[in-house]
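*Asks:* Input: one structure, supplied below.
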Amino acid sequence: MVGNYKVITLCGSTRFKDAFMEMQKRLTLEGNIVISVGLFGHSGDDEVWTEGTKEMLDDMHKRKIDMADEIFVVNVGGYIGSSTRSEIEYAIVHGKPVRYLEQDCQ
């Protein structure tokens with residue numbers, strides 16, 4: 001297993017910070033390299049809302065998807081917002097498998 005790690009990018013609403021942290025921990029312990037968001041705009045990181053920053057972060061997240069083998073959607077309560085939906089579509093177009101925290105809510 002050493003040296004043969006899948007790279008997974010987490011996607012989802014930043015309002016679910018605790019769920020992001022839990023999934024990052026779980027997936028890491030399962031032997032994956034996990035790429036997450038840099039800021040949690042809906043959980044208190046107000047810097048996200050300064051001019052141009054959200055757009056930059058959204059673009060950076062697409063680059064994180066480019067680096068990944070797959071994405072994992074943190075869809076607590078089945079919630080998938082427009083930014084996350086855009087990331088899912090991007091991943092699919094680029095041939096990345098998509099997994100969901102809540103499978104029945106896709």
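The values are calculated or read from the model by the stated rules, or taken from the named source; none is laboratory data. Because the structure is predicted, anything quoted here is derived from the model rather than measured. Please note: Cβ atoms are built from the backbone with ideal geometry, for glycine as well, and neighbour counts cover all protein chains shown.
*Asks:* If you take the residues of region 1-17 that are more than 14 Å from the chain's Cα centre (by Cα) and at pLDDT 90 or above, which of them is nearest to Met67 (Cα to Cα)?
*Replies:* Top of the filtered list is Lys6.
*Asks:* Do you know which residues across region 1-29 are more than 18 Å from Gly78 (Cα to Cα) and in contact (Cβ under 8 Å) with a residue 24 or more places away in the chain?
*Replies:* Of everything in region 1-29, those that are more than 18 Å from Gly78 (Cα to Cα) and in contact (Cβ under 8 Å) with a residue 24 or more places away in the chain turn out to be Met1, Tyr5, Lys6, Val7, Ile8, Thr9, Leu27.
*Asks:* Is it true that some residue in region 82-105 is surrounded by 12 or more Cβ atoms within 10 Å (Cβ to Cβ), over 19 Å from Val34 (Cα atoms) and over 13 Å from the mean Cα position of the chain (by Cα)?
*Replies:* yes
*Asks:* Among the residues of region 42-63, which ones are touching a Leu at 6+ places or on another chain (Cβ under 7 Å) and modelled with pLDDT of 70 or more?
*Replies:* Matches in region 42-63: Leu57 only.
*Asks:* Do you know which of the residues in region 88-106 that are part of a helix (DSSP H, G or I) and at pLDDT 95 or above is farthest from Phe40 (Cα to Cα)?
*Replies:* By that ranking, first place goes to Val93.
*Asks:* Next question, about the same structure. Out of (1) surrounded by fewer than 14 Cβ atoms within 10 Å (Cβ to Cβ); (2) among the hydrophobic types (A, V, I, L, M, F, W, C); (3) under 12 Å from Cys11 (Cβ atoms), the odd one out for Met60 is which?
*Replies:* Result: Met60 fails condition (3) only.
*Asks:* Checking Val73 against (1) surrounded by 15 or more Cβ atoms within 10 Å (Cβ to Cβ); (2) modelled with pLDDT of 95 or more; (3) over 11 Å from the mean Cα position of the chain (by Cα), which test does it fail?
*Replies:* Here Val73 clears every test but (3).
*Asks:* Say we look at region 18-41 and pick out the residues that are modelled with pLDDT under 90 and either more than 15 Å from Glu87 (Cβ to Cβ) or basic (Lys, Arg) (or both); which of these is surrounded by the most Cβ atoms within 10 Å (Cβ to Cβ)? Give the steps one after another, and end with the answer.
*Replies:* To start, the set of residues in region 18-41 that are modelled with pLDDT under 90 comprises 37-41.
Applying the additional criterion that residues be either more than 15 Å from Glu87 (Cβ to Cβ) or basic (Lys, Arg) (or both) yields 39-40.
Values: Leu39: 16, Phe40: 18.
Checked region 18-41; the qualifying residue surrounded by the most Cβ atoms within 10 Å (Cβ to Cβ) is Phe40.
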